[in-house]
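The values are calculated or read from the model by the stated rules, or taken from the named source; none is laboratory data. Only a predicted model underlies this, so the values are computations on that prediction, with no experimental measurement involved. No Cβ is skipped: glycine too gets one built from the backbone with ideal geometry, and neighbour counts run over all protein chains shown. Surface areas here come from the heavy atoms of the whole protein model, side chains and all, with no ligands, DNA or RNA. Shrake-Rupley method; radii C 1.70, N 1.55, O 1.52, S 1.80 Å.
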Amino acid sequence: MDGQIADLERKYCDAKDGVALSGATEISGYASLFGVPDGGGDVVMPGAYAASLAALAAAGRRVRMLWQHEAREPVGVWDEMREDARGLWVKGRVLPEVTRGREALALIRAGAIEGLSIGYRAVRAEPRPGGGRRLHEIELWEVSLVTFPMLAEARIAAKAGEAAPLAGLAEVFRMAGDEVAGRRAVRAHCEQR
């Protein structure tokens, strides 16, 4: 299977209002947007995932959640995946029991990871005038959490409720900085005597 994974194409999506972190570990959003050219000029067409999703469901299999397309680093599970008018919507859980999963959650919360990327094989495609392809049918293998998404129209967004813990963390750092500054002032005063 590693040889098969190595041969997969990858397409990045970074949806503005796409991926949201809710609760402690659940993420949801768009892994792919229809009709939007990516950095390579490819455009995924509506319905491109239908056959692949149906085949996976019939076989009782799931698309894998990977870290940066690395087959040896699954970081969670996709619990739900569907096409709608906008694109391929996904919902899953990042697993904190896995070291890389804990790291991924921290990076998502901090805003350092902002994208999703699909690993796929083009089953049916046609050239686009000016470059790239129209992808009419895709065999979907994996959706990865990635640092550099290819589709510029999208951004990962944490839910509004996620801002409060970060604000609390910012307060802890501010207080620590104040304490360090206070110690420096005391030391400087003592050194002057």
Those residues of the range 76-89 that are of a type outside the set (Asp, Glu), surrounded by 13 or more Cβ atoms within 10 Å (Cβ to Cβ) and under 21 Å from Phe34 (Cα atoms) come to a total of 6
The residue that is nearest to the chain's Cα centre (by Cα), considering only those in the range 131-140 that are under 30 Å from Ala59 (Cα atoms) and surrounded by fewer than 21 Cβ atoms within 10 Å (Cβ to Cβ), is Glu139
The correct count of residues that are within 23 Å of His136 (Cβ to Cβ), part of a loop (DSSP other than H, G, I, E, B) and either in contact with a strand residue (DSSP E or B) (Cβ under 8 Å, 6 or more places away or on another chain) or β-branched (Val, Ile, Thr) (or both) in the range 53-68 is 1
Taking the range 102-124 and the residues there that are outside any strand (DSSP E or B) and more than 12 Å from the chain's Cα centre (by Cα), the one that is farthest from Met81 (Cα to Cα) would be Ala110
Within the range 90-130, restricting to residues that are among the hydrophobic types (A, V, I, L, M, F, W, C) and over 18 Å from Leu66 (Cβ atoms), the one that is surrounded by the most Cβ atoms within 10 Å (Cβ to Cβ) is Ala125
| query | What about Glu70, is it over 20 Å from Glu9 (Cα atoms), surrounded by fewer than 18 Cβ atoms within 10 Å (Cβ to Cβ) and under 16 Å from the mean Cα position of the chain (by Cα)? | reply | no
- prompt: Does Gly47 qualify as being at pLDDT 95 or above, open to solvent by 60 Å² or more (accessible area, probe 1.4 Å) and on the phi > 0 side of the Ramachandran plot?
  reply: no
In the set Leu33, Leu53, Leu116, the lone residue that is at pLDDT 95 or above and closer than 21 Å to Glu9 by Cβ is Leu53
In the range 84-101, residues that are touching an Asp or Glu at 6+ places or on another chain (Cβ under 9 Å) and assigned to a loop (DSSP other than H, G, I, E, B) total 1
Q) Before we move on, is Met81 farther than 22 Å from His136 by Cβ, modelled with pLDDT of 90 or more and outside any loop (DSSP other than H, G, I, E, B)? A) no
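Would you call Arg187 of a type in the set (D, E, K, R), modelled with pLDDT under 90 and not in a loop (DSSP other than H, G, I, E, B)?
When the stated conditions are applied, Arg187 passes them.
Residues of the range 52-78 being of a type in the set (Val, Ile, Thr) and under 13 Å from Gly101 (Cα atoms), which ones?
Val75, Val77
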Worksheet item: Can Phe148 be described as open to solvent by 30 Å² or more (accessible area, probe 1.4 Å), of a type in the set (Phe, Trp, Tyr) and either in contact with a helix residue (DSSP H, G or I) (Cβ under 9 Å, 6 or more places away or on another chain) or modelled with pLDDT under 50 (or both)?
Response: no
